[in-house]
Amino acid sequence: MARVHYELIQRPRIRLRFPIWSVSFSLNSITDPYSTKEAVLQLGVIDPEIDEATCEKCSRHGTHETLMTIPMRDGHESEIRMIKSPNAQPSTPLVILIYGGGFFSGTNIQLLPWATATAALCGVTVILPLYRLAPQHKFPIAHNDIWDSIKWLAGNASSLDAGLSKGFIIDGTSVGGNLSIATAHRAMRELLSPPLTGVLAIIPLCMDERTVPEKYKHLWVSREQNANSPICNAKDIETWTSWWGPDLRSVDYSPLNSDVELAGMPPTHVQVDGLDTLREDGLIYEKLLRDHGVATCLDVYPGMPHAHWMLWPEHFLSIKLNIDTLCGIRWLLGREIGRDVVERVWKTAP
């Protein structure tokens with residue numbers, strides 16, 4: 001068996017430079033520390049200090065967080081974060097928030113600000129699941145992970161002191177929006193019990209040119225108009241899709257690939273960005289739901305690129321989206337909470 005020997009004579013030390021930090025190591029006859037897939041994958045595990053700083057940065061609103069793992073179909077143990085208000089009543093509704101990241105990046109700490117604010121505002125239990133990422137884990141592993149998580153939550157709600165008849169909401173951002181839509185449709189097809197009672201899809205990916213109904217073909221223009229958007233542009237989508245490897249004809253990719261009508265879908269709140277390449281995914285999907293008699297709510301942010309609130313959090317439309325998101329959850333739960341109260345909770349300092 002050949003042995004790889006690293007030896008640097010003139011420059012015995014290599015420094016890899018990154019925008020925020022640097023990593024140094026020496027290469028000699030000792031084994032290359034990044035010679036295995038496991039070692040390389042470990043580089044992508046979030047640094048504990050960064051994780052802690054991210055968690056501490058957002059307002060907790062007095063909520064409590066619990067970490068636990070739940071089993072997936074292949075034996076993998078997946079982490080979920082559970083957020084509860086200390087004043088929550090017994091048997092609370094359950095709200096699941098699913099992060100985005102192109103199916104190749106992201107973590108369940110991303111949506112902690114929404115999770116803690118939602119738990120405090122509505123007195124609900126909020127779940128932040130994880131799903132495995134591409135390119136190591138291709139389609140449909142992420143979809144199966146979320147579906148397995150939803151089924152586990154449905155079957156174990158009582159152990160979490162959650163009453164799903166009071167509310168069982170799934171909410172996702174970007175590809176998390178794809179996961180929320182696909183999971184909600186799967187729940188309808190497979191008769192999940194208890195059923196989901198609401199869906200929130202924020203800047204979602206949920207169709208492609210082939211599946212756009214003829215009625216709305218004339219509106220399918222954002223892929224071209226916003227091809228050079230600063231984030232999630234046409235090139236980004238092409239690259240991320242190659243890593244993720246979806247079957248574009250699968251019902252797990254889009255409910256428009258199914259022969260099951262959308263009429264049975266739960267009430268759905270959709271949010272879209274005007275400068276987003278994925279703009280028409282959300283716009284047309286909301287129209288299709290309304291065409292099938294589904295109760296919907298639509299928020300549009302003109303001139304804003306994909307996930308604008310992450311790029312410019314102080315912009316008035318970013319603040320509006322954050323508050324609209326909480327109002328959307330409030331609407332799906334049927335809660336009569338004034339927008340002024342929602343604004344006050346969102347702006348509350350830690």
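Counting neighbouring Cβ atoms within 10 Å and putting the fewest first, the residues Ser242, Ser105 line up as Ser242, Ser105.
Straight-distance candidates among the aspartates and glutamates for linking to Lys215, with alpha-carbon spacing under 18 Å and chain neighbours fewer than 8 residues away dropped: Asp259, Glu261, Glu280, Asp281, Glu286, Asp291. When the inverse distances between all different Cα atoms of region 124-200 are averaged and flipped, the Kirkwood radius reads 12.8 angstrom.
Charged side chains reduced to their Cβ positions (Lys and Arg at +1, Asp and Glu at -1) give region 46-347 a dipole of some 580 debye around its Cα centre.
Taking amide H as placed 1.01 Å from N in the peptide plane, the amide H of Ala162 sits under 5 Å from that of Thr92, each at least 5 places away or on another chain.
Scaling against 2.2 N^0.38 Å puts the C-alpha radius of gyration of region 46-347 at 0.93.
Protection proxy ranking, highest mean first, for peptides 192-204, 138-150: 192-204, 138-150, where packing is the per-residue count of other beta-carbon atoms within 10 Å, averaged.
Rounded to the nearest 20, the Cβ-based charge dipole of region 201-242 about its Cα centre (Lys and Arg +1, Asp and Glu -1) stands at 100 debye. Gap in Å between the Cα centre of region 211-234 and the Cα centre of region 124-190? Spelled out, the Cα-based centre of one part sits 27 Å from the other. Here region 192-350 is treated as an ellipsoid with the same Cα gyration tensor; its semi-axes, largest first and in whole Å, are 26, 22, 14.
Here, each number is a calculation from the coordinates, and none is a lab measurement. The shown structure was predicted, so the numbers you read here are calculated from the model rather than taken from an experiment. Positions of Cβ are backbone-derived with ideal geometry, glycine not excepted, and every protein chain shown enters the neighbour counts.
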